[in-house]
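Data first, discussion second: the structure below is written as structure tokens.
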Amino acid sequence: MRQSWLQIGVVAALALPGPIIHIVDLLGIAHVEMNPIVESLIFGLAILAAATLLVWASEVAEQLVSATLALAILAIIAVLPEYAVDLYFAWTAGQEFADPALLAETIAQGETPAGELALANMTGANRLLIGFAWPVVFGLYWYKTRNRVLRVGSPNSVGLIFLFAGTLYSFLIPVKEGLALYDSLVLISLFAVYLVLSSRTPAGEHELVGPSRTIAALSHGWRWFAVAGIMGYAAGVVFLSAEPFANGLVHTGENLGISEFLLVQWIAPLASEAPEFILAAMLALRGRAAAGMTLLISSKVNQWTLLVGSLPIAFSLSGQTLEPLPVEGRQAHEVFLTAGQSLFAVAVLVSLSFSAKEAILIFVLFATQLAIPIDEVRVAFGFMYIGLALVWFVVERKDIPILWTAAKATADGRIIEVGRPNGPGPDH
């Protein structure tokens, strides 16, 4: 036990230098000049250490409360950097809306308006989550087991249904060319109901090892205190490290001549999504790939509902307006493409299984559209995703009522094993 506590202490100490440097800078005590690569390494290490602490604490939390709720809360903590980045851009967009001179100055300087950057960051992060993180988790699962089909577990049925609902609603955003306050009401309400239903699933019963086992050996009260303390500390580290980590990556990209829009859409999300990528990968390496998928599905749900729903609120408060946050032109195409990919992702998991061919297809489609940054091509990919989703829904139509049954049972606090080990998708 002493060795485990020492391990926890060492990891916590590794997470500390980054936040301390940032706090010192924020308070004006000192400004530490660093090479962008060094900055990324220091704050990246802090995020990695915080992710390790979160894995240990979350495994114990899954035995104290609903396993799905514990992973959903973990997903919220992991995605805090994404909220910080997107809400910052949405707030700045409101200021630009209220002060046309500020917007004109931004454009005159050749910079991208903040409203476009908020949506660029959100859509890039969401597509990375599915197109890169999902295949990575499957790849680690295959590496550990050599199994070609990953059962994602019936408790994920609730998350998939809410992801489906949020995705369908998101198709309205490019049509309306804006995100309004009533969109916030709908999307945040969806997330609230999702959390309530997730809290009804039973606690987990997986075997604990190492630091997780040591924490679980504490008395009930001290166990709660340790879990809450570790999660709170790790959340603070993630929040304080995200911006400097993203800045380090962005400045590195600028030195390489990469455009601001692409930096915000792809480089910054790599930083802001790093905690959940690392967490999911660590769970998969610990033999808990299904839990890793639960984390990623929960993260996708909260980004597609709570995060998107928060943007109009930040825009309205900052700009002191009831007007919607504009979603036009390139931004509308990005949202449409992201919604199409999300719909296909739901269709793939209707069977509550994820196969090697499906993982490869998701990654190849993502990598291909990433390599062709042309608006017309992105719109075409959006329609392609929708077409593929319809094919999967038709072929797996017998699994749709099974998914619904699993979701109802999960919402009632019961776990039932449904679906087939070798899900009936078009690739089987």
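The values are calculated or read from the model by the stated rules, or taken from the named source; none is laboratory data. Note that the coordinates shown come from a computational prediction; the quantities given were computed from them, not determined experimentally. Cβ sites come from the backbone with ideal geometry, for glycine too, and all protein chains shown count toward neighbours.
Can you tell me which residue within the range 148-188, out of those that are closer than 27 Å to residue 331 by Cβ and polar (S, T, N, Q), is nearest to the chain's Cα centre (by Cα)?
Of the residues in the range 148-188, the ones closer than 27 Å to residue 331 by Cβ are 159-160, 162-188.
If we keep only those that are polar (S, T, N, Q) as well, we get 167, 170, 184.
Working: 167: 15, 170: 16, 184: 18 Å.
That would be 167.
Inspect the range 97-108 for any residue being part of a helix (DSSP H, G or I), at pLDDT 75 or above and under 15 Å from the mean Cα position of the chain (by Cα) and give the result as yes or no.
No, the range 97-108 has no match at all.
State which residue pairs qualify: first residue in contact (Cβ under 8 Å) with a residue 24 or more places away in the chain and of a type in the set (A, V, I, L, M, F, W, C) and inside the range 33-61, second residue surrounded by fewer than 22 Cβ atoms within 10 Å (Cβ to Cβ) and not in a helix (DSSP H, G or I) in any location, beta carbons under 8 Å apart, and separation of 6 or more residues or different chains.
Filtered contacts from the range 33-61: 42/34; 46/16; 55/286; 60/208.
For every residue, the table says whether it meets (1) within 30 Å of residue 400 (Cα to Cα); (2) touching an Asp or Glu at 6+ places or on another chain (Cβ under 7 Å); (3) aliphatic (A, V, I, L, M).
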{"position": "92", "(1), (2), (3)": "no, no, no"}
{"position": "121", "(1), (2), (3)": "no, yes, no"}
{"position": "128", "(1), (2), (3)": "yes, yes, yes"}
{"position": "172", "(1), (2), (3)": "yes, no, yes"}
{"position": "189", "(1), (2), (3)": "yes, no, no"}
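Quick one: what pairs do we get from the range 7-19, first residue closer than 10 Å to residue 45 by Cβ, second among the basic types (Lys, Arg) and loosely packed, with under 15 Cβ neighbours inside 10 Å, C-beta under 8 Å, 6+ apart or different chains?
Taking only residues 6 or more apart or on different chains, not a single pair turns up.
Find the residue count for the range 352-362, including only residues that are surrounded by 19 or more Cβ atoms within 10 Å (Cβ to Cβ) and assigned to a helix (DSSP H, G or I). Break it down stepwise before answering.
We begin by selecting, within the range 352-362, every residue surrounded by 19 or more Cβ atoms within 10 Å (Cβ to Cβ); these are 352-355, 358-359, 362.
From what's left, assigned to a helix (DSSP H, G or I): 358-359, 362.
So the answer is 3.
Pick out the one residue from 366, 383 that is in contact (Cβ under 8 Å) with a residue 40 or more places away in the chain and surrounded by 14 or more Cβ atoms within 10 Å (Cβ to Cβ).
Details: 383 fails: surrounded by 14 or more Cβ atoms within 10 Å (Cβ to Cβ).
Step by step, each of 366, 383 is checked, and only 366 is in contact (Cβ under 8 Å) with a residue 40 or more places away in the chain and surrounded by 14 or more Cβ atoms within 10 Å (Cβ to Cβ).
Residue check: is residue 75 within 26 Å of residue 238 (Cα to Cα), surrounded by 22 or more Cβ atoms within 10 Å (Cβ to Cβ), in contact with a Phe, Trp or Tyr (Cβ under 6 Å, 6 or more places away or on another chain) and at pLDDT below 75?
Values: within 26 Å of residue 238 (Cα to Cα): yes; surrounded by 22 or more Cβ atoms within 10 Å (Cβ to Cβ): yes; in contact with a Phe, Trp or Tyr (Cβ under 6 Å, 6 or more places away or on another chain): no; at pLDDT below 75: yes.
So residue 75 fails the test.
Return yes when residue 309 is within 19 Å of residue 94 (Cα to Cα) and under 22 Å from the mean Cα position of the chain (by Cα) and no when it is not.
When the stated conditions are applied, residue 309 passes them.
Of the conditions (1) at pLDDT 90 or above; (2) of a type outside the set (A, V, I, L, M); (3) part of a helix (DSSP H, G or I), residue 331 fails just one. Which one is it?
(1)
Condition check: surrounded by 22 or more Cβ atoms within 10 Å (Cβ to Cβ) and out of contact with any Ser or Thr (no Cβ under 8 Å at 6 or more places or on another chain). Does residue 303 satisfy that? So that I can check it myself, show each step before the final result.
Values: surrounded by 22 or more Cβ atoms within 10 Å (Cβ to Cβ): yes; out of contact with any Ser or Thr (no Cβ under 8 Å at 6 or more places or on another chain): yes.
Yes.
Out of the range 386-398, which residues are buried (at least 17 other Cβ atoms within 10 Å of the Cβ) and free of Cβ contacts under 8 Å to residues at least 40 places away in the same chain?
Residue satisfying the conditions is 395 alone.
Looking only at the range 1-55, which residues are among the charged types (D, E, K, R) and either crowded, with 17+ Cβ neighbours inside 10 Å or not in a helix (DSSP H, G or I) (or both)?
Scanning the range 1-55 gives 33, 39.
Which one of 365, 370 is under 20 Å from the mean Cα position of the chain (by Cα), over 26 Å from residue 149 (Cβ atoms) and part of a helix (DSSP H, G or I)? Can you show your working first?
Details: 365 fails: over 26 Å from residue 149 (Cβ atoms).
The unique qualifying residue is 370.
Output the residues belonging to the range 245-256 that are surrounded by fewer than 24 Cβ atoms within 10 Å (Cβ to Cβ) and at pLDDT 70 or above.
Keep residues of the range 245-256 that are surrounded by fewer than 24 Cβ atoms within 10 Å (Cβ to Cβ), which gives 247-248, 250-256.
Result: 248, 251, 252, 255, 256.
Of the residues 145, 123, which is of a type in the set (Ser, Thr, Tyr) and either over 30 Å from residue 357 (Cα atoms) or within 15 Å of the chain's Cα centre (by Cα) (or both)? Talk me through it step by step, then tell me what you get.
Details: 145 fails: either over 30 Å from residue 357 (Cα atoms) or within 15 Å of the chain's Cα centre (by Cα) (or both).
Testing whether each residue is of a type in the set (Ser, Thr, Tyr) and either over 30 Å from residue 357 (Cα atoms) or within 15 Å of the chain's Cα centre (by Cα) (or both) leaves just 123.
Given the options 410, 405, 368, name the one that is in contact with a helix residue (DSSP H, G or I) (Cβ under 6 Å, 6 or more places away or on another chain), over 23 Å from residue 178 (Cα atoms) and among the hydroxyl-bearing types (Ser, Thr, Tyr).
Working: 405 fails: in contact with a helix residue (DSSP H, G or I) (Cβ under 6 Å, 6 or more places away or on another chain); 368 fails: in contact with a helix residue (DSSP H, G or I) (Cβ under 6 Å, 6 or more places away or on another chain).
Every option except 410 fails the conditions.
Could you please tell me which pairs satisfy a Cβ distance under 6 Å, a separation of 6+ or placement on different chains, a first residue in the range 87-103 that is over 16 Å from residue 327 (Cα atoms), and a second residue that is surrounded by 18 or more Cβ atoms within 10 Å (Cβ to Cβ) and among the small types (Gly, Ala, Ser)?
95/318; 98/319
Here are the criteria: (1) part of a helix (DSSP H, G or I); (2) out of contact with any helix residue (DSSP H, G or I) (no Cβ under 6 Å at 6 or more places or on another chain); (3) not polar (S, T, N, Q). Tell me which single one residue 379 does not satisfy.
So residue 379 meets the others, but not (2).
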